[in-house]
Amino acid sequence: MVSRSYSNLLELASGGCSPTFGLGREKKRLPRVATVAGVLSELDDDSCNSIGSDAPSSVVQDRMIIVGNQLPIRAHRDENGDWEFSMDEDSLLLQLKDGLGEDVEVIYIGCLREEVDPREQDEVAQTLLDRFKCVPTFLPPELFSKFYHGFCKQHLWPLFHYMLPLSPDLGGRFDRSLWQAYLSVNKIFADKVMEVISPDDDFVWVHDYHLMVLPTFLRKRFNRVKLGFFLHSPFPSSEIYRTLPVRDELLRALLNSDLIGFHTFDYARHFLSCCSRMLGLSYQSKRGYIGLEYYGRTVSIKILPVGIHIGQLQNVLNLPETVSKVAELQNRFKGQTVLLGVDDMDIFKGISLKLLAFEQLLRQHPERWGKAVLVQIANPARGRGKDVQEVVAETTATVNRINATFRRPGYEPVVLINTPLQFFERIAYYSIAECCLVTAVRDGMNLIPYEYIICRQGNEKLDNVLELNPSTAKKSMIVLSEFIGCSPSLSGAIRVNPWNIEAVTEAMDSALVIPEAEKQLRHEKHYRYVSTHDVAYWARSFLLDLGRACRDHSMRRCWGIGFGLGFRVIALDPNFRKLSVDHIVSVYKRTCHRAILLDYDGIMMLPGSISMNPTAEALGILNNLCKDPKNVVFLVSGKDRKTLTEWFSPCEKLGLAAEHGFYLRPNHAADWETSVSVTDFNWKQIAEPVMQLYTETTDGSTIETKESVLVWNYLYADPDFGSCQAKELLDHLESVLANEPVSVKSGQHIVEVKPQGVNKGIVAEYLLQTMREKGMLPDFVLCIGDDRSDEDMFEVITSAKPTLPPNAEVFGCTVGQKPSKAKYYLEDTHEILRMLQGLTHASEHAARATAQTTPHRVVIAENK
């Protein structure tokens, strides 16, 4: 297969996109895998920029490229020193394949756990591709150490688990060199994806915090790539996340995905809050789906906890060695009640807190001596460092103290297993444990309770060993920290705050004394959930949503803008394009009746300016446009009429519309008139006290009082609280003003109340109608605005085109590349002013060239 890329980003508008699985596509030949950073030589030449594909040989299944830090491969050398490889059945990346269906081809990209000599890398890479459809990413040891043990484990992992680097011992200060290593590794992964991807056909699913900037590298190369990302760790609150020096870069990188997945709503909520507070983005929920609008693209948010591979567990439960181990443990702990903990040996798993709670249980309940046993399985830590050594030392010391205090002949209160166990051995401990204790202080998901539930359901062989009646309902109990991802899913568990030792102790005791019938009911409830929400269900659900999120790719025109990690793709309507100054000036010169509408705040004020007053340059442009007898110019604004009268008194021929079109004045000599008939504004006496109440309770909010409009502005309030208050205020005002002739609307950081039927579109309708009545149908209409309130004008001038002369030209132009009803855009205020200056130069040139009088033209300028 030859990877497709595009030299011209606009060519992407003609590309295809299939949102669903099961549709046949042309079979592609997998290339020989490269083992160095960068793409293959066969992809670098002219073929790289071709939209063509290999000649079809047959029709095969769709394809999913799964990218993770580690491949689902076990590797070791045999006695002859040769490499032997096998699939890692415990790997989540392998297990999720069950949810994709047999008609989906899966390719894995990631690192091997073992280091491979550079001289062997080519051969190993080809073997893994041919036998397992795996593309290995070989990283130099020094780079891998900085990437994984450095940035991932010293910065991201602690921060995402709510540990701030307050001192060098707590995660360490931010190291820019580790960040550069993180970027380098993500770039290498991107190169590997580029080796095998067919961007129009393949789906890409990236996993976890190790590869958070990978979406940017892929989106930069393939603007239409169908890309999903799932975060398997917690996402911290904005107060924690904002301390990360590269916070914006990571957020923008994730937003280059089409779908972002989280285990819980809390994690998703924190991510959305960060996007709101740091990037100014807002999200919407529509028909059960959460989406973020990001430069014309909708980035979907998926909330679904991962499940376990039940089939694998059941297979292990049926193994003879499992049955034998269960019998051994049953005999060993005969007459005792086993409480089980299974945790990695790291600072966030709360092992020491669990031990302290168990110690307190024995002190408070002497009757438990000799009967209650805590078996703590401590898996090796995935990271390394001083904190891991401290956890090991503290755990060992606590276990020794408890055993020394409460040990009796034949009774060891705490059994610490800190050596690696085989999977069937762990399964055996699950089967004989009366209660599972998970007291992590912070964990992304934690599937230990799920495994425990399935094992307690057991099978016929284990029932015989455990001397259980197969017809009797099974039972299990779980004491679960409220700070881990699986907690919301297991509503029958006893949830605890692991920092509250007394509460954990009480929960342990409750789990032991709760009636048998209650244990059975809780187990049945948990088993029903876990058995139906397995890893296949999770993968299938994610990919269905990914297909839905990507289904409109082919209907959008894409532009890639920005440099480095600031890169993003703008997706717009295929007919949306940049306004050519030469083209509009050419049309302007040959037309006779011109209508021009301009927006003041968005197009006449320079960005960042504190003063709202019009500049001398803006007044000069407006005056020059108004001098042309072919033009009628109108300025539409949200400002009040008194302010507009003062500001634009030098522009005698300029038409003005104040308060978004409620007040109109065709020129300086005319009187102001209203666009709609309003007899009174008594509704203000109802609305203003309500707004005042919300202003007093929302720090940073203000009320803007105009003649026809009341506006509650929360631009300078806390984003989350302000948005929440705005929704409440909107509902409150709609309720109390239900019988009044007003409309209540929310906008960008505002809630406004105004007379019904008032919007900027009225101004455009008024001007066009006035020109028709005077027999001067415009053959040139220009409307420029920059925000949502201007969309009404764009809609009016577009729908009015059939009533204009056949050769009429209509230019609706917005500021910046964004979704709009306008057909054109210019980048910023500077480009707008240059374009208007070009029109004034054309008018001046025409005035000098001829003295002939022509009919008046309408120029509509909009001022907010």
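For LYS192, state whether it is touching a residue at least 60 places away in the same chain (Cβ under 8 Å), open to solvent by 10 Å² or more (accessible area, probe 1.4 Å) and among the basic types (Lys, Arg). It is false that LYS192 is touching a residue at least 60 places away in the same chain (Cβ under 8 Å), open to solvent by 10 Å² or more (accessible area, probe 1.4 Å) and among the basic types (Lys, Arg). Restricted to helices (runs of 4 or more DSSP H) entirely inside region 316-420, those with at least 2 residues that are closer than 16 Å to CYS436 by Cα and of a type outside the set (Asp, Glu) are 351-364. Would you please name the residue that is modelled with the lowest pLDDT, looking only at residues in region 78-125 that are farther than 20 Å from PHE230 by Cβ and of a type in the set (S, T, N, Q)? Only one residue fits best here, namely ASN80.
Residues in region 261-295 that are more than 11 Å from the chain's Cα centre (by Cα) and open to solvent by less than 10 Å² (accessible area, probe 1.4 Å): HIS263 only.
Given the condition touching a Phe, Trp or Tyr at 6+ places or on another chain (Cβ under 7 Å), of a type in the set (D, E, K, R), at pLDDT 95 or above and farther than 30 Å from ASN464 by Cβ, answer yes or no: does some residue in region 258-278 qualify? Scanning region 258-278, I find no residue that is touching a Phe, Trp or Tyr at 6+ places or on another chain (Cβ under 7 Å), of a type in the set (D, E, K, R), at pLDDT 95 or above and farther than 30 Å from ASN464 by Cβ, so the answer is no. Exactly one residue out of GLU84, GLU89 is in contact (Cβ under 8 Å) with a residue 12 or more places away in the chain, open to solvent by 70 Å² or more (accessible area, probe 1.4 Å) and either part of a strand (DSSP E or B) or outside the structural domain of PHE144 (by the TED database) (or both): that is GLU89. Looking only at residues in region 725-752 that are in a strand (DSSP E or B) and within 34 Å of the chain's Cα centre (by Cα), which one is farthest from GLN284 (Cα to Cα)? Looking at residues that are in a strand (DSSP E or B) and within 34 Å of the chain's Cα centre (by Cα), I get SER743.
Taking the criterion of being over 21 Å from VAL193 (Cα atoms) and open to solvent by 80 Å² or more (accessible area, probe 1.4 Å), the residues of region 92-114 that qualify are ASP98, GLU102.
Residue count for region 556-568, restricted to those that are modelled with pLDDT of 80 or more and among the aliphatic types (A, V, I, L, M): 1. Residues in region 414-471 that are under 28 Å from PHE265 (Cβ atoms), out of contact with any helix residue (DSSP H, G or I) (no Cβ under 8 Å at 6 or more places or on another chain) and of a type in the set (Val, Ile, Thr): ILE448 alone. Among the residues making up region 471-526, a single one is assigned to a strand (DSSP E or B), free of Cβ contacts under 8 Å to residues at least 40 places away in the same chain and not β-branched (Val, Ile, Thr): ARG495.
Those residues that are part of a loop (DSSP other than H, G, I, E, B), at pLDDT 95 or above and open to solvent by 10 Å² or more (accessible area, probe 1.4 Å), I need them from region 205-236; list them, please. Across region 205-236, the qualifying residues are ASP208, HIS232. Can you find, within region 275-333, the residue that is farthest from GLN95 (Cα to Cα) among those that are among the basic types (Lys, Arg) and without any contact (Cβ under 8 Å) to a residue 60 or more places away in the chain? So, considering only residues that are among the basic types (Lys, Arg) and without any contact (Cβ under 8 Å) to a residue 60 or more places away in the chain, the one farthest from GLN95 (Cα to Cα) is ARG332. Flag set for VAL690, criterion: assigned to a helix (DSSP H, G or I) and either at pLDDT 90 or above or among the basic types (Lys, Arg) (or both). Given the criteria among the aliphatic types (A, V, I, L, M) and open to solvent by less than 20 Å² (accessible area, probe 1.4 Å), does ALA503 qualify? Judged against the criteria, ALA503 is not a match. The set of residues from region 383-401 being basic (Lys, Arg) and either surrounded by 13 or more Cβ atoms within 10 Å (Cβ to Cβ) or within 24 Å of LYS371 (Cβ to Cβ) (or both) comprises just one member, ARG401. Under the condition of being of a type in the set (Asp, Glu) and either more than 27 Å from GLY560 (Cα to Cα) or more than 40 Å from the chain's Cα centre (by Cα) (or both), the residues counted in region 763-821 number 6.
Taking the criterion of being part of a loop (DSSP other than H, G, I, E, B) and either among the acidic types (Asp, Glu) or closer than 19 Å to GLU451 by Cα (or both), the residues of region 279-315 that qualify are LEU304, PRO305, VAL306, GLY307, ILE308, HIS309. Exactly one of these conditions fails for PHE423: (1) within 26 Å of PHE230 (Cβ to Cβ); (2) touching a Gly at 6+ places or on another chain (Cβ under 8 Å). Give me its number. Here PHE423 clears every test but (2).
If you go through region 652-692 and keep only what is aliphatic (A, V, I, L, M) and either crowded, with 18+ Cβ neighbours inside 10 Å or touching a residue at least 12 places away in the same chain (Cβ under 8 Å) (or both), you end up with LEU654, LEU656, ALA657, ALA658, LEU664, ALA669, VAL676, VAL678, ILE686, ALA687, VAL690, MET691.
Across region 402-411, the number of residues qualifying as open to solvent by 90 Å² or more (accessible area, probe 1.4 Å) and without any contact (Cβ under 8 Å) to a residue 12 or more places away in the chain comes to 2.
Of the residues making up region 344-364, none is free of Cβ contacts under 8 Å to residues at least 40 places away in the same chain, open to solvent by 30 Å² or more (accessible area, probe 1.4 Å), more than 28 Å from PRO498 (Cβ to Cβ) and not hydroxyl-bearing (Ser, Thr, Tyr).
Restricted to region 70-81, and to residues that are open to solvent by 20 Å² or more (accessible area, probe 1.4 Å) and outside any loop (DSSP other than H, G, I, E, B), which residue is farthest from HIS210 (Cα to Cα)? Among residues in region 70-81 that are open to solvent by 20 Å² or more (accessible area, probe 1.4 Å) and outside any loop (DSSP other than H, G, I, E, B), the one farthest from HIS210 (Cα to Cα) is ARG77. Please verify whether ARG551 is open to solvent by 50 Å² or more (accessible area, probe 1.4 Å), within 22 Å of the chain's Cα centre (by Cα) and either outside the structural domain of LEU826 (by the TED database) or modelled with pLDDT of 95 or more (or both), treating the condition exactly as stated. Yes.
The values are calculated or read from the model by the stated rules, or taken from the named source; none is laboratory data. From a predicted model like this one, the values you see are computed outputs, not experimental measurements. We place every Cβ from the backbone using ideal geometry, glycine too, and count neighbours over all the protein chains shown. To get the accessible areas, we keep the full protein, side chains included, count just its heavy atoms, and leave off ligands, DNA and RNA. Shrake-Rupley method; radii C 1.70, N 1.55, O 1.52, S 1.80 Å.
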